[in-house]
Amino acid sequence: MRLFFYPVAALIVLAGSAFTFIAAQNWQVADGYSVAFSSDDASGIFKGLKGGVVFDEQNPAASKFDVTVDVASINTGNGLQNKHAKSDEWFDAAKYPAIHYVSKQVVKTGSRYQVTGDLEIHGIKQQVTIPFSFQKMATGGSFAGKFTVNRNDFKLGNPGGDVGEVIKIDLSVPVTR
């Protein structure tokens with residue numbers, strides 16, 4: 001009896017984990033996304049968002065975000081500011097060409113969600129939690145979230161200076177299957 005029980009138990013565990021993997025949806029970042037930033041002194045957008053999104057509304061723990069933003073895609077609406085932002089005083093786009101976020105945990109909080117993961121900017125990783133919503137649509141869905149970062153945590157620019165230290169990030173990311 002014992003010889004029969006262990007293989008059956010192993011099969012049940014394997015089948016259950018396969019179902020969890022299958023249930024999570026792979027999503028592709030669609031055109032029309034927005035990665036906007038603002039402070040009291042500077043604002044703009046980043047383009048060049050790409051990466052992998054696995055998301056399951058019913059089982060957020062099976063979800064995973066691994067996305068990058070091309071630093072050189074910064075657009076403040078001012079060519080001189082863009083050049084300055086890409087310089088080694090700020091983002092150092094030549095040495096650190098991407099902003100990278102990898103999730104560690106996704107949880108549901110009421111009608112919204114919360115993802116916690118490592119945000120890497122300028123070669124420095126910090127754990128960041130991003131509250132977000134997800135709206136499912138016929139052909140895909142849309143993620144939206146807002147959070148703040150302190151630029152000093154990532155050694156961007158000089159402490160103090162002409163640009164506020166707390167930067168607001170506003171994300172709107174449509175996705176397709």
**Prompt:** Restricting attention to the range 40-49, does a residue exist that is at pLDDT below 95 and under 16 Å from the mean Cα position of the chain (by Cα)?
**Reply:** yes
**Message:** Being touching a residue at least 40 places away in the same chain (Cβ under 8 Å) and either under 13 Å from the mean Cα position of the chain (by Cα) or not in a strand (DSSP E or B) (or both): is that true of Ala61 here?
**Reply:** yes
**Prompt:** Looking at this structure, is Ala36 at pLDDT 95 or above, within 21 Å of Ala144 (Cβ to Cβ) and surrounded by 13 or more Cβ atoms within 10 Å (Cβ to Cβ)?
**Reply:** yes
**Complete:** Within the range 98-132, residues outside any loop (DSSP other than H, G, I, E, B) and either loosely packed, with under 12 Cβ neighbours inside 10 Å or touching a residue at least 60 places away in the same chain (Cβ under 8 Å) (or both) come out as Thr109, Gln127
**Message:** I'd like the full set of residues that are part of a loop (DSSP other than H, G, I, E, B) and of a type in the set (S, T, N, Q), limited to the range 133-177.
**Reply:** Thr139, Asn158
**Message:** Any residue that is aromatic (Phe, Trp, Tyr) and under 14 Å from Ala24 (Cβ atoms) - is there at least one of those in the range 128-136?
**Reply:** yes
**Request:** Give the residue that is nearest to Gly141 (Cα to Cα), with candidates limited to residues of the range 57-83 that are at pLDDT 95 or above and among the acidic types (Asp, Glu).
**Result:** Asp66
**Asked** So which residues in the range 113-139 are closer than 13 Å to Ser172 by Cβ and of a type outside the set (A, V, I, L, M, F, W, C), if there are any at all?
**Response** Ser133, Gln135
**Request:** Name the residue, out of Val53, Val69, that is in contact (Cβ under 8 Å) with a residue 60 or more places away in the chain, closer than 30 Å to Ala24 by Cβ, part of a strand (DSSP E or B) and not charged (D, E, K, R).
**Result:** Val53
**Prompt:** Can we say Gln135 is among the polar types (S, T, N, Q), surrounded by fewer than 14 Cβ atoms within 10 Å (Cβ to Cβ), modelled with pLDDT of 95 or more and under 24 Å from Asp70 (Cβ atoms)?
**Reply:** no
**Message:** Please verify whether Gly52 is at pLDDT 95 or above and farther than 14 Å from Glu120 by Cβ, treating the condition exactly as stated.
**Reply:** no
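The values are calculated or read from the model by the stated rules, or taken from the named source; none is laboratory data. Being a predicted model, the structure only gives us computed values, none of them experimental. Neighbour counts run over all protein chains shown; Cβ positions are idealised from the backbone, glycine included.
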